[in-house]
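Following: one structure in structure tokens, then a few remarks.
Just so it is clear, none of the values below were taken in a lab; they were calculated from the coordinates. What you see is a predicted model; the values in this text were computed from it and never measured. For neighbour counting, all protein chains shown are included, and Cβ atoms are generated from backbone atoms with ideal geometry for every residue, glycine included.
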Amino acid sequence: MASGYYSNVVLNINPALFTLYTPLLAAVTAIALLYRFVVHPLFFSPLVRIPCAHPLAAVTSLWMDWRRFTGREVETTWEAFKKHGPYVRLGPNEIAVNTILGGVTTAHGHGFENLDKTSWYDFFINHGTRNTFSALGKEHGTKRKRVSNVYAKSYVQNSRHVRAILAELVQGRLLPSCWEMAASNTPLDVLALNFAYGLDFVAAFIFGLSRGTDFLRDTACRQIWLEEYRKSHPSEYMFWLLEHPRLIKILSKFRIYIVPKWYHEADTDFDKWGEKLIDETEQALQNGFTEESAHSGDMPNVYFQQKRAMADELKLGQGAYFKPTPEQRLELASECLDHLVATRDTFGVAFSFVLLELSKHPYAQVRLRTELRSIRNPMWYSPTMEGRASAASLPEPAALEKLPYLWAIMKESIRLRGTVPTPNPRVTPLGTKTHLGPHKNIPPGVRISAFAWCLHRNEAVFPQAELWLPDRWLNSSSEKLAEMEKWFWAFGSGSRQCLGRNVAMEIMRFALAAIYTNFETSVVDDAGFNYKSFVTGNLGNKLSLRFTHVA
Ligand code: HEM
């Protein structure tokens, strides 16, 4: 009956009307599209007063997409900032900011001044479940709160488990590798070593030493893991995975695959590896593991704390010992795996850069070594100590933390090359207008990007910004120092500031102290240390240093 009705309607239309209205309809549509996609963004959008990085940027995001696709996102944005100032338009609906006040504070602040993340972060969803890094809105606060106390500086510096892990990793695994390379005069690829150090620490911190990884010593296993990681975070497809996740999904419905099958396989394998660690840790809890009885270093700090917080939320009586449902298991896995990914993506590269700068500046090493040897309990190492890693012999965290030159070296190296130059994109919220410094009434749905790379190169704040000058952190007035601190954005800011910041700084401090108390380093080959590329890099990335023992 229905089809008869429609066919009657169609049949009753006078064909002459078609001839009359079709061109009219086409013209109206064309004008509407022209207005929507050209006239409005060029002349009437609230963003028109923001200078465009390129004339095409006002009407299409394809121009910036091409820059991103060809790996030129940061340099393009940096050039635009230099030419137009701290606010630039990268696309019809995208702005980049290079100022703290009225820029970063608006998008990356606390509470209302903490704009939500864009779909760029969907890539970091594991097991189909969001985690602290990829969660949005209120869910983010809940997830972050679950684990924030174990990542607090007081926990990281006072926990007996952290000290035991550090002793094992630094004295038992890292220093012997450095000694071996020094003794045989063989260059060491510190990039792979630093990936291993960061991952071994964080895996032990999450799951406990006995269930963590041993990539510092087991180089074959490390290589397999890094290869698997590279496949599941393939630098050559990251543009699509980060910028166009929805397009990938839509096209795959039509059997058009932008990213190859091996990426999906590796991603699944990677998730499975994470699940295995979760299951082993859960099994230990179910077997009666307790916080009190745990050997030093063996406490699954992050896993346990997360479960305890989940139990509190659900008002479960058994604390961390409840049996997780399949959904809860994946939620736990997603969070824990993300912390390992966050470590792999940042720590190894940032720490390698500190070692590279020190290796290029022998005078800085001498000064650092003098400072490190001046503490009450220097981190001496000799191979006869092997197998005798002991937390008691480590210096107190505060003793290292208050060493001024060590601090200045870390700060300056991380300023210059803290992590990858990613845009950290945020989106203006629905139902309200956002004010961005002098630019008022930014509508909902506008992407705002900011780059630590560019903020850290502001000559007014960091004169001779391209130079590695640790003394800038020591010789500046207190006002200048406060200003530099305000602009130091390596770990982000506001409610979504890096969760692992204290861990990263702590383990870097201990490793630097251990290495430079005992060795000097020099560059053998840094051509493969392509630190301008995306964090994931590729397996060819290497930083080859020579270690020489200094008595
Ligand atoms: C030198 C090392 C590190 C650097 C430079 C770094 C940098 C950052 C930055 C810039 C952000 C903010 C990202 C954004 O807003 O888009 C971030 C967030 C985060 N980082 Fe780190 N990170 C480092 C190490 C770590 C480690 C070791 C962990 C975990 C153990 C970690 C876990 C996280 C998490 C979970 C977030 C998300 C926080 C949230 O959204 O609330 N990071 N990190």
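Need the C-alpha centroid separation for segment 432-485 versus segment 30-90, integer Å.
So the separation of the two Cα centres works out to 22 Å.
Calculate the length of the line joining the C-alpha centroid of segment 238-259 to that of segment 330-369, in whole Å.
31 Å
For Lys440 and Arg373 in the same chain, what is the full-extension length gain: residue separation times 0.36 nm, less their Cα-Cα distance, in nm?
On the way: separation 67, 0.36 × 67 = 24.12 nm, distance 5.45 nm.
Net length gain for the segment: 18.7 nm.
Membrane-span-like helices in the chain: DSSP H runs reaching 30 Å or more (Cα, own axis), mean Kyte hydropathy at least 0.0? Before the final figure, lay out each step's value.
On the way: long enough: 261-286 (37 Å, -1.40); 326-360 (51 Å, 0.26).
Helices passing the filter in the chain: 326-360.
Which whole-number value in Å³ per residue fits the convex hull of the alpha carbons of segment 361-442? Please list the in-between numbers first.
Numbers: hull volume 18.9 nm³, N = 82.
Considering the Cα atoms of segment 361-442, their hull volume per residue is 230 Å³.
For the chain, give the share of DSSP beta bridges that are antiparallel, in percent and rounded to the nearest 5; count only bridges with both residues there.
Working: 20 of 25 bridges.
About 80 percent, rounded to the nearest 5.
One-quarter of the Cα convex hull surface for segment 342-383, in nm²?
Working: hull surface 17.5 nm².
Average of the hull's projected areas for segment 342-383 equals 4.4 nm².
Count neighbours as other Cβ atoms within 10 Å of each site's Cβ, and list the chymotrypsin sites (Phe, Trp or Tyr not before Pro) in segment 198-256 that are DSSP loop with at most 12 such neighbours. Provide the component values of the computation, followed by the final result.
Working: sites: Phe201, Phe205, Phe207, Phe215, Trp225, Tyr229, Tyr237, Phe239, Trp240, Phe254; in loops: Phe215, Phe254.
For chymotrypsin sites (Phe, Trp or Tyr not before Pro) across segment 198-256 that sit outside H, G, I, E and B with at most 12 neighbouring Cβ atoms in 10 Å, the list reads Phe254.
Which whole-angstrom value gives the distance between the alpha carbon centres of segment 513-528 and segment 120-167?
31 Å
Under the classification rounded if a/c is under 1.5, otherwise prolate if a/b is larger than b/c and oblate if not, where does segment 69-118 fall, given a ≥ b ≥ c as square roots of the Cα gyration tensor eigenvalues?
On the way: a/c = 2.38, a/b = 1.60, b/c = 1.48.
Here segment 69-118 falls in the prolate category.
Which value, in Å to one decimal place, does the Kirkwood hydrodynamic radius take for segment 438-543 when every pair of different Cα atoms is included? Kindly include the intermediate steps, with their values, before the conclusion.
Details: mean 1/r = 0.0569 Å⁻¹.
Radius from the Kirkwood sum: 17.6 Å.
Return the loop-located GluC sites (Glu not before Pro) in segment 373-481 (DSSP other than H, G, I, E, B) with at most 15 other Cβ atoms within 10 Å of their own Cβ; answer none if there are none. Display every interim value, and only then the final one.
On the way: sites: Glu386, Glu401, Glu412, Glu459, Glu466, Glu479; in loops: Glu386, Glu459, Glu466.
Those that pass, being in a loop and sparsely packed, are Glu386, Glu459, Glu466.
With label points built 7 Å along Cα→Cβ from the Cα atoms of Lys402 and Trp380, find their separation and express it in nm.
With each label point 7 Å from Cα toward Cβ, the separation is 2.4 nm.
Give me the extension gain from Leu24 to Phe44: residue separation times 0.36 nm, minus the current Cα-Cα distance, reported in nm with one decimal. Please list the in-between numbers first.
Details: separation 20, 0.36 × 20 = 7.20 nm, distance 2.53 nm.
This chain segment gains 4.7 nm when fully extended.
At most 16 other Cβ atoms within 10 Å plus a DSSP loop assignment makes a site exposed; report the longest stretch of the chain without any exposed trypsin sites (Lys or Arg not before Pro). Provide the component values of the computation, followed by the final result.
Numbers: sites that count: Arg49, Arg72, Arg217, Arg255, Lys315, Arg376, Arg388, Lys402, Lys433, Lys532.
Free of exposed loop sites, the longest segment is 73-216.
Return the tail of the calculated pair distribution for segment 239-388, meaning the percent of Cα-Cα pairs more than 26 Å apart. Don't jump to the answer; show the numbers that get you there.
Working: 6296 of 11175 pairs.
Tail of the P(r) past 26 Å holds 56 percent of the pairs.
Considering amide H positions built from the backbone, and no H for Pro or chain starts, which residues 5 or more places from Phe529, or on another chain, come under 5 Å of its amide H?
For Phe529, whose amide H was placed from the backbone, the distant partners under 5 Å are Lys542.
222 nm [θ] for the chain, helices only, -39500 (n - 2.57) per DSSP H run of 4+, per residue, to 500?
-15500 deg cm²/dmol
State, to one decimal in nm, how far the label point of Tyr257 lies from the label point of Leu33, with both points 7 Å from Cα in the Cβ direction.
Calculated label separation equals 3.3 nm.
Shape of segment 47-139 from its Cα gyration tensor (a ≥ b ≥ c, root eigenvalues): rounded if a/c is under 1.5, otherwise prolate when a/b > b/c, or oblate? Walk me through the numbers on the way to the answer.
Working: a/c = 2.33, a/b = 1.45, b/c = 1.60.
Taking the square roots of the gyration eigenvalues as a ≥ b ≥ c, segment 47-139 is oblate.
Once Rh is set to the Kirkwood radius over Cα pairs, what Stokes-Einstein translational diffusion coefficient, in µm²/s, holds for the chain at a temperature of 10 °C and a viscosity of 1.306 mPa s?
Working: Rh = 25.7 Å.
Estimated diffusion coefficient is 62 µm²/s.
Could you calculate the contour length gain from Gln286 to Glu327, that is, 0.36 nm times the residue separation minus the distance between their Cα atoms, to one decimal place in nm?
Extra length from Gln286 to Glu327 when fully extended: 13.0 nm.
If R₀ is 45 angstrom, what is the calculated FRET efficiency for the pair Ile224 and Lys138, using the beta carbon separation as r and rounding to 0.05? Display every interim value, and only then the final one.
Values: r = 39 Å, r/R0 = 0.87.
Approximately 0.70, to the nearest 0.05.
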